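No value in this document is a laboratory result; all are computed from the given coordinates. Source: prediction; values computed, not measured. So basically every Cβ, Gly included, is an ideal-geometry build from the backbone, and we count neighbours across all protein chains shown.
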Amino acid sequence: MQSQKLPYQTYYSKYRKYYNQRINPFVRSKHASAYTMIILSIFTVSFFGMFAIRPTIRTIVELKRQIQDNKEIDQALQNKINSLMMAQEEYQFITDFVPAINEALPDQPNIAGLLVHLDKLATEKEATITGLQVQSISFKPPTSSTTDKTKATVTQPTTIDIMIKLSGNYQQLLPFLEKLLTMRRTVVAKSLEITPEGVAGQANLKLLLRLNSYYLK
């Protein structure tokens, strides 16, 4: 009785025959060895190259991110520099006006200087001051230990009430009033009363003027 081969034995026999005739001679050939060495070399270089290149790539990415961040910081600094330059230009523009502003609203009452100016103005316009009254105010000059603190908190103006009586004709009193309301020291007319002075037919007038001036306390 003749034995019959199983299916897997048949496949194995065919594969072994194909391997011995086709694959084994190719593997043993010099070309196959060369190809194998080339493939292994490429694989080895690629494998180990990734570990060598990866830190470099990471460094490049971080450097690019830092460059971008530095560009943004540089742009922000440039914007601040431009703003400071504009502020400096504005400050230089108003520097010439600072003395006038301080004179218009001083940090001290300087009542004596104000009254001298009023008397000089009346004399220039040939009007006569017949009465002058100023409200009593209390003022304590800041000491050296509190000067900085006082300057930092001074923001509100304080009012000085002034009542002035003048005598003169229309051509004398009107220029006085016009000059008074345009003087550098801030002066606001609160009320104005004009009455004839002397006997009928004379041109003299009597002026009662109530004023408000200000200073920073």
Q: Based on the mean of other Cβ atoms within 10 Å per residue, sort peptides 110-121, 91-102 so the most packed one is first.
A: 110-121, 91-102
**Q.** Packing-based ranking, highest mean first, of 172-182, 70-80 given that Cβ atoms within 10 Å are counted
**A.** 172-182, 70-80
Q. Among the aspartates and glutamates, which have Cα under 19 Å from the Cα of Lys64 when same-chain residues fewer than 8 positions away are ignored?
A. Glu72, Asp74
Q) Under a plain spin-label model, where a point goes 7 Å from the Cα along Cα-to-Cβ, how far apart in nm are Gln92 and Thr128? A) 5.5 nm
Q. Based on the Cβ-Cβ distance of Arg65 and Ile39, what FRET efficiency does E = 1/(1 + (r/R0)^6) give at R0 = 45 Å, to the nearest 0.05?
A. 0.75
Q. If the viscosity is 0.692 mPa s and the temperature 37 °C, what Stokes-Einstein diffusion coefficient in µm²/s follows for the range 39-117 when Rh is the Kirkwood radius over Cα pairs?
A. 171 µm²/s
Q: Please compute the net charge surrounding Leu192, taking Lys and Arg as +1 and Asp and Glu as -1 over other residues with Cβ under 14 Å from its Cβ.
A: +2
Q: Please work out the C-alpha center-to-center distance from the range 95-112 to the range 158-193 and express it in whole Å.
A: 19 Å
Q) PRE reach from Asp161 (point 7 Å along Cα→Cβ): which of the range 176-190 fall under 20 Å by backbone N? A) 186-190
**Q.** Where labels lie 7 Å past Cα in the beta-carbon direction, separation of Ile57 and Leu208 in nm
**A.** 9.8 nm
